[in-house]
Amino acid sequence: SPAQKLVFNRVNGKRPQVLLQQVSAPEECYTLAHEENVRFVYEAWQQVEQQLDGSRSGESTCGPVQYVEKTPNPGLKNFVPIDLEEWWAQQFLAKIENCS
């Protein structure tokens, strides 16, 4: 069976306030425009994922189409994409371990 992954779900795409207060590394200042952009991309991506799930289960006949390479590059045969959720989880746990 595959290894279990830590999953961090954000409510409405916002960071939990507790995490922002605990991290003492360089302060990151987010402008209102940055927050709006992040929210827009997050919400748009959630819609795409829902539409993709709906089209896979046969609910919808139109919507987003997942791109599939017709002639794959042989140099990328062993390419493994990074799992960003797992990477962020590892970073989060490393920060916790360094603080204690």
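Read the figures in this text as sums done on the coordinates, not as results from a lab. Predicted, not measured: the structure shown is a model, and the values here were computed from it. Virtual Cβ from ideal backbone geometry, glycine too; neighbours counted across all protein chains shown.
Quick look at the numbers
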{"read-out": "Computed lengthening from L52 to V80, 0.36 nm per intervening residue step minus Cα-Cα distance", "value": "7.9 nm"}
{"read-out": "Ranked packing of 36-49, 63-76, most packed first, by mean Cβ within 10 Å", "value": "36-49, 63-76"}
